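To start, the structure itself, in structure tokens.
Read-outs throughout are calculated quantities, based only on the coordinates presented, and are distinct from any laboratory measurement. These numbers were taken from a predicted model, which means no experiment stands behind them. Cβ atoms come from the backbone with ideal geometry, glycine included; neighbour counts cover every protein chain shown.
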Amino acid sequence: MAIIKVLVPVLLLAGLLSTTGASQAPDASCTEDDSETSGLLQVSQLAADGKSIAAVGCASGECCAPAGKDPYDPELDADGKCCDGLHKVKSKWWGSQTCNFHCLVCSKAGEDVYRYCGSGCGGCHAGGDALVPCCTGLTQKLVKGRHMCV
């Protein structure tokens, strides 16, 4: 219960949990009458179902994968979608021998947009799956043979 008391405010601030009564967890059974406690009920339901509380990324019945997660992971029920502001990037993650996707934030100043290329998963071209586009306000520039965000 102590972890829930800590996580609920964090999830509320991150926009991953709501107290409006609208269910954000795919299996949650909250009603509009539960508006004061729906967030706590949703976290409790996820924990009871054995799902990771960090994987909550549902709003208005549509789920998305948070940063660092695979949007095709069946436990997330994200249907291949990353949460707003994240990009699907294909590579072999953490020593895996298979190619899959993870949701990542945009490339910041000084980062190479092609940094996840070379895994043999393809997509190392403009608009490709292995590319992490520059954050808003930055542009891609060729610097010493690397495609950097400036």
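With respect to the numbered conditions (1) surrounded by fewer than 17 Cβ atoms within 10 Å (Cβ to Cβ); (2) closer than 16 Å to Asp70 by Cβ; (3) not basic (Lys, Arg), which one is the sole condition not fulfilled by Gly110?
Here Gly110 meets the rest and fails (2).
Within region 65-80, how many residues turn out to be surrounded by 14 or more Cβ atoms within 10 Å (Cβ to Cβ), in a loop (DSSP other than H, G, I, E, B) and under 8 Å from the mean Cα position of the chain (by Cα)?
Qualifying residue count, region 65-80: 5.
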